1. So, in the chain, how many Lys pairs have Cα atoms under 18 Å apart, if the pair is 8 or more places apart or on different chains?
2. Please order Asp118, Asp99 by the number of other Cβ within 10 Å, starting at the fewest.
3. Report the calculated FRET efficiency for Lys164 and Glu56 (r = Cβ-Cβ distance, R0 = 51 Å), to the nearest 0.05.
4. Which of Trp160, Trp121, Trp232 moves most in a GNM of the chain, Cα contacts under 10 Å?
5. For a test of the definition: using alpha carbon positions, the gyration tensor, and the 1.5 limit on a/c, classify the stretch 23-109 as rounded, prolate or oblate.
6. Using the Cα gyration tensor of the stretch 1-159, with a ≥ b ≥ c the square roots of its eigenvalues, what is the shape: rounded (a/c below 1.5), prolate (a/b larger than b/c) or oblate (neither)?
7. Could you calculate the FRET efficiency of Lys63 with Tyr7 from 1/(1 + (r/R0)^6), where r is the beta carbon distance between them and R0 is 25 Å, rounded to 0.05?
8. Listing Thr136, Thr117 from the residue with the fewest other Cβ atoms within 10 Å to the one with the most, what is the order?
Amino acid sequence: MRQAPPYVLGHQLLAGKSILITAAAGAGIGYAAAKRCAEEGCRALMISDIHPRRLEEAVERLKAETGLQAVYGQLCNVTVEADVQALVAAAEEALGGVDVLINNAGLGGQVRLTEMTDEQWSSVLDITLTGTMRMTRAMLPHMERRGAGAIVNNASVLGWRAQKEQAHYAAAKAGVMALTRCSALEAAESGVRINAVAPSIALHDFLKKAASSELLDQLTSREAFGRAAEVWEVANVMVFLASDYASYMVGEVLPVSSQQA
């Protein structure tokens with residue numbers, strides 16, 4: 001098994017930009033993305049989550065770890081339209097306009113289709129797919145008026161590949177990919193870019209709670225490096241798509257994976 005590479009230092013890829021990230025409290029990809037954005041020179045940052053204490057702690061931790069003081073938190077449940085509208089309005093005001101939106105909110109699970117309830121199916125679809133749609137729908141008019149902006153969605157390789165006990169999650173992530181492609185064509189007319197990342201496996205505490213250790217070991221064994229991605233390795237690709245280095249990319253879904261064919 002190959003060890004993870006050294007942590008990559010910032011290169012000011014997001015200098016002067018303001019960032020909004022959903023579901024960014026805790027130890028997952030969202031927090032890693034928030035930290036990377038601050039390290040890449042963003043001028044202001046807002047993160048959302050549904051857990052008040054965890055959100056407050058994440059804001060203070062980001063300030064301490066990165067030195068960026070313009071970090072704000074806003075409670076938001078992406079399944080509630082009023083919360084989404086309030087989050088976008090708060091970000092627009094606090095950040096002086098949002099340059100980059102990273103749609104990270106999602107929900108997984110592990111259950112066979114024949115044992116899956118309507119509630120389990122609907123919950124994963126509502127948070128992962130419809131939540132991404134709600135945030136994009138609320139944010140786009142602001143970016144379109146300014147004629148600039150970038151939206152980065154968090155998809156998954158399961159949007160392409162089959163895996164047992166993941167029908168709801170895979171369907172949701174395939175939907176995120178399709179949403180990315182279609183909305184990107186509309187947004188491009190106003191100079192706004194929408195793209196997505198598709199990670200294979202990035203280990204963090206949330207994933208360990210949502211999936212069995214046996215499944216995680218099995219998935220890790222399929223990776224060419226023999227290890228899962230670090231969450232910051234996924235965040236690095238999000239940063240790239242959010243940056244001006246990706247200025248000609250529209251509706252693309254970039255895999256962040258070392259899976260063998």
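1. Close lysine pairs under the 18 Å cut-off: 6.
2. Asp118, Asp99
3. 0.85
4. Trp160
5. Cα axes put the stretch 23-109 in the oblate bin.
6. Verdict is oblate for the stretch 1-159.
7. On the way: r = 19 Å, r/R0 = 0.76.
The value I calculate is 0.85.
8. Fewest-to-most Cβ neighbours within 10 Å comes out as Thr117, Thr136.
Computed from the coordinates by the stated procedures, all read-outs in this text should not be read as laboratory data. Note that the coordinates shown come from a computational prediction; the quantities given were computed from them, not determined experimentally. Every residue, glycine among them, receives a Cβ derived from its backbone with ideal geometry; neighbour counts consider all protein chains shown.
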